[in-house]
1. Output the residues belonging to the range 6-25 that are over 14 Å from Arg102 (Cβ atoms) and either touching a Pro at 6+ places or on another chain (Cβ under 9 Å) or modelled with pLDDT under 95 (or both).
2. Every residue in the range 289-306 that is surrounded by fewer than 19 Cβ atoms within 10 Å (Cβ to Cβ) and either assigned to a helix (DSSP H, G or I) or at pLDDT 90 or above (or both), please.
3. Starting from residues that are of a type in the set (A, V, I, L, M) and surrounded by fewer than 19 Cβ atoms within 10 Å (Cβ to Cβ), keep the ones in the range 187-221 and report whichever is farthest from Gln281 (Cα to Cα).
4. Tell me, which strands (runs of 3 or more DSSP E) lie completely within the range 177-257 with 3 or more residues that are among the charged types (D, E, K, R) and over 30 Å from Gly16 (Cβ atoms)?
5. Regarding Leu14, is this residue over 18 Å from the mean Cα position of the chain (by Cα), surrounded by 14 or more Cβ atoms within 10 Å (Cβ to Cβ) and assigned to a strand (DSSP E or B)?
6. Only one of (1) touching a residue at least 40 places away in the same chain (Cβ under 8 Å); (2) part of a helix (DSSP H, G or I); (3) of a type in the set (D, E, K, R) is not met by Lys286, so which one is it?
7. Considering only the range 153-176, I want to know if a residue exists there that is among the basic types (Lys, Arg), surrounded by 15 or more Cβ atoms within 10 Å (Cβ to Cβ) and touching a Cys at 6+ places or on another chain (Cβ under 8 Å).
8. Name every residue in the range 79-106 that is free of Cβ contacts under 8 Å to residues at least 40 places away in the same chain and buried (at least 16 other Cβ atoms within 10 Å of the Cβ), in order of residue number.
Amino acid sequence: MKRFLAIGECMLELSGAGADLWRMGIAGDTLNTAWYARACLPDDWAVSFATCIGKDEFSARVPGFMAENGIETDRIRTHPTRSVGLYAISLEHGERSFAYWRDNSAARTLADDAEAMIAMTQGASVIHISGITLAILPPPGRARLIELLARKRAEGVTTVLDPNIRPRLWSDMETAAGTLSDAARCCDIVLPSFEDEAACFHDRTPHDTCARYAELGARTVIVKNGGGAVVARHDIATCEFDTRPESAPIDTTGAGDSFNGACLAALVTGSDLSDAVRKGQNMARKVIGHHGALIPMEKLLVPEPD
């Protein structure tokens with residue numbers, strides 16, 4: 001059986017439920033991507049999530065939630081004193097802002113044990129990480145994870161990076177740019193967002209972003225651009241795909257992650273670049289019409305019309 005493995009931080013998500021009420025969910029960028037990959041991949045693919053959680057009541061909810069939705073949890077480790085992180089979403093006209101409480105997140109220790117990291121990635125056909133995965137780790141952990149990605153790519157595993165640049169998680173943008181470039185050198189597929197890349201790397205256009213990651217060694221680069229055209233490159237061919245939302249967004253949380261999940265599921269099962277981007281766009285369009293990062297799995301497991 002082939003296996004899609006996402007590595008990163010899983011968090012408790014608080015989203016508004018009217019008046020002064022809050023709805024609690026479970027999310028995180030790489031988990032969101034795994035969720036939508038699970039919805040789109042055939043049954044002969046397993047989807048696993050690797051992270052570190054605590055032993056408290058809130059952490060205990062995480063494995064059951066994933067397992068109930070088809071995501072395997074045998075690569076989740078526990079930390080004796082830390083817990084899961086927490087974030088709250090505030091919305092204005094469909095655009096979101098976040099408040100985070102993650103200093104004590106167990107996921108920050110994810111790469112402390114080199115042997116455990118190696119075991120965690122055994123049997124993976126695809127490994128997906130993000131810039132957030134790297135940003136929350138201490139520098140030695142970042143180096144271990146990047147080294148492991150390089151080794152896995154050399155072994156024939158498809159390695160994937162979404163840079164997902166969050167400045168508040170990095171000590172400075174120079175460190176972010178250097179670390180993400182090092183990680184991109186170890187990845188077959190890179191899925192950046194142009195707004196982030198322009199701020200961090202000073203790219204002038206999505207084509208600049210595409211070319212830069214291709215020069216670092218990525219075979220496939222797909223640059224998300226909010227409501228603008230997606231620019232994608234595979235080997236030496238570059239093309240653009242218009243993005244046309246059908247209606248005003250309700251909540252853009254998880255839109256890029258859902259694009260990643262659906263697009264990657266298509267790519268790793270043999271779809272061409274055009275079809276993969278279309279499937280990613282269709283999934284993101286669904287997600288921005290829904291509150292929160294994750295659409296319930298039962299609503300997703302409906303065949304997409306041809």
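1. Start the filter on the range 6-25 by keeping residues that are over 14 Å from Arg102 (Cβ atoms), which leaves 6-7, 15-25.
If the condition is that a residue be over 14 Å from Arg102 (Cβ atoms) and either touching a Pro at 6+ places or on another chain (Cβ under 9 Å) or modelled with pLDDT under 95 (or both), then Ser15, Gly16, Ala17, Gly18, Ala19, Asp20, Leu21, Trp22, Arg23, Met24, Gly25 are the ones that fit.
2. Listed by number, the residues that qualify are Pro296, Met297, Glu298, Lys299.
3. Filtering the range 187-221 down to residues of a type in the set (A, V, I, L, M) leaves 189-191, 198-199, 211, 214, 216, 218, 221.
Subsequent filtering for residues that are surrounded by fewer than 19 Cβ atoms within 10 Å (Cβ to Cβ) retains 198-199, 211, 216.
On the way: Ala198: 21, Ala199: 23, Ala211: 22, Leu216: 26 Å.
Result: Leu216.
4. Working: elements: 220-223, 230-234, 237-241.
Strands (runs of 3 or more DSSP E) meeting the threshold: none at all.
5. On the way: over 18 Å from the mean Cα position of the chain (by Cα): yes; surrounded by 14 or more Cβ atoms within 10 Å (Cβ to Cβ): yes; assigned to a strand (DSSP E or B): yes.
Criteria met by Leu14.
6. That leaves (1) as the condition not met.
7. Here is the first cut: in the range 153-176, the ones among the basic types (Lys, Arg) are 153, 166, 168.
Keeping just the survivors that are surrounded by 15 or more Cβ atoms within 10 Å (Cβ to Cβ) gives 153, 166.
Next cut, touching a Cys at 6+ places or on another chain (Cβ under 8 Å) only: 153.
For the range 153-176, residues among the basic types (Lys, Arg), surrounded by 15 or more Cβ atoms within 10 Å (Cβ to Cβ) and touching a Cys at 6+ places or on another chain (Cβ under 8 Å): present.
8. Those that are free of Cβ contacts under 8 Å to residues at least 40 places away in the same chain and buried (at least 16 other Cβ atoms within 10 Å of the Cβ): His79, Arg82, Ser83.
The values are calculated or read from the model by the stated rules, or taken from the named source; none is laboratory data. Note that the structure is predicted; figures quoted are calculated from it, not measured. Quick reminder, even Gly has a Cβ in these numbers, built from the backbone with ideal geometry, and neighbours come from all protein chains shown.
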